[in-house]
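In what follows, a single structure is set out as structure tokens and then discussed.
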Amino acid sequence: MAFAPGSLSDDAAAWKGQSLVGVQQLDEAGLNLVLAHAERLRGQPRDKVLARQRGKILANVFYEPSTRTSCSFQAAMLRLGGSVFCVAEATSSAKKGETLEDTARSLACYADVLVLRHPESGAAKRAAVASRKPTLNAGDGVGEHPTQALLDVYTLCREMCGG
């Protein structure tokens with residue numbers, strides 16, 4: 001699994017199965033690819049978008065509270081036709097001492113992609129290395145929140161650049 005700077009570039013096929021743990025993984029071409037894809041999805045009728053992830057399962061794993069981030073990932077997957085299960089630290093085996101890495105490995109048996117919110121910087125990368133499934137960093141303490149950064153850039157482009 002590549003986490004090197006620029007490892008997510010303009011080759012869309014190379015993104016398949018990859019994790020997004022930090023914005024440094026994106027080069028300018030990769031960022032433009034994400035923004036263009038988001039704009040294409042935004043312009044499609046909802047019924048056309050709905051089937052894109054049919055049969056896929058997202059594990060929404062949150063070790064700290066976050067209403068907007070958690071709900072946005074859930075809504076996005078549901079709108080793409082997939083399904084979601086949620087795991088909160090309070091009800092997970094982390095309370096019994098299970099490591100983040102063990103949790104990621106276990107959840108990879110049930111889900112096609114993991115979304116992780118964790119209070120420790122670097123936790124998303126640790127989970128991505130342990131899991132055989134793509135992992136999206138939904139915030140790791142004072143570390144990074146690359147999905148929020150991408151949303152912010154997309155919003156700025158739409159508002160200031162006209163799309």
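The values are calculated or read from the model by the stated rules, or taken from the named source; none is laboratory data. None of these values were measured; they are calculated from a predicted model. Ideal geometry is used to build each Cβ from the backbone, glycine not excepted, and the neighbour counts take in all protein chains shown. In case anyone asks, the SASA skips ligands and DNA or RNA and just uses the protein heavy atoms, side chains included. Shrake-Rupley method; radii C 1.70, N 1.55, O 1.52, S 1.80 Å.
Computed values, structure above
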| read-out | value |
| --- | --- |
| Dipole of the range 1-110, positive end: most advanced residue of Ser72, Ala51, Ala29 [Cβ charges, Cα centre] | Ala51 |
| Peptide ranges 84-94, 59-69 listed from the most packed, as the mean C-beta count within 10 angstrom indicates | 59-69, 84-94 |
| Residue-averaged [θ]222 nm for the chain, counting only DSSP H segments that reach four residues, each worth -39500 (n - 2.57) | -12500 deg cm²/dmol |
| Ranked packing of 113-119, 136-142, most packed first, by mean Cβ within 10 Å | 113-119, 136-142 |
| Full-stretch length increase - Ala13, Asp102 - with 0.36 nm per residue and alpha-carbon distance subtracted | 29.2 nm |
| Cα convex hull of the chain - mean projected area over all directions, nm² | 9.4 |
| Span per principal axis, largest first, for the Cα atoms of the range 85-163 (Å) | 49, 25, 22 |
| Lys48 paired with Ala149, simple spin-label distance in nm, labels 7 Å along Cα-to-beta-carbon | 3.2 |
| Bins of 5 Å, starting at 0 and running to the largest distance - Cα pair percent for the range 12-54 | 5, 18, 23, 24, 17, 11, 2 |
| Accessible area of the range 1-69 belonging to carbon and sulfur atoms, whole % at 1.4 Å probe | 54 |
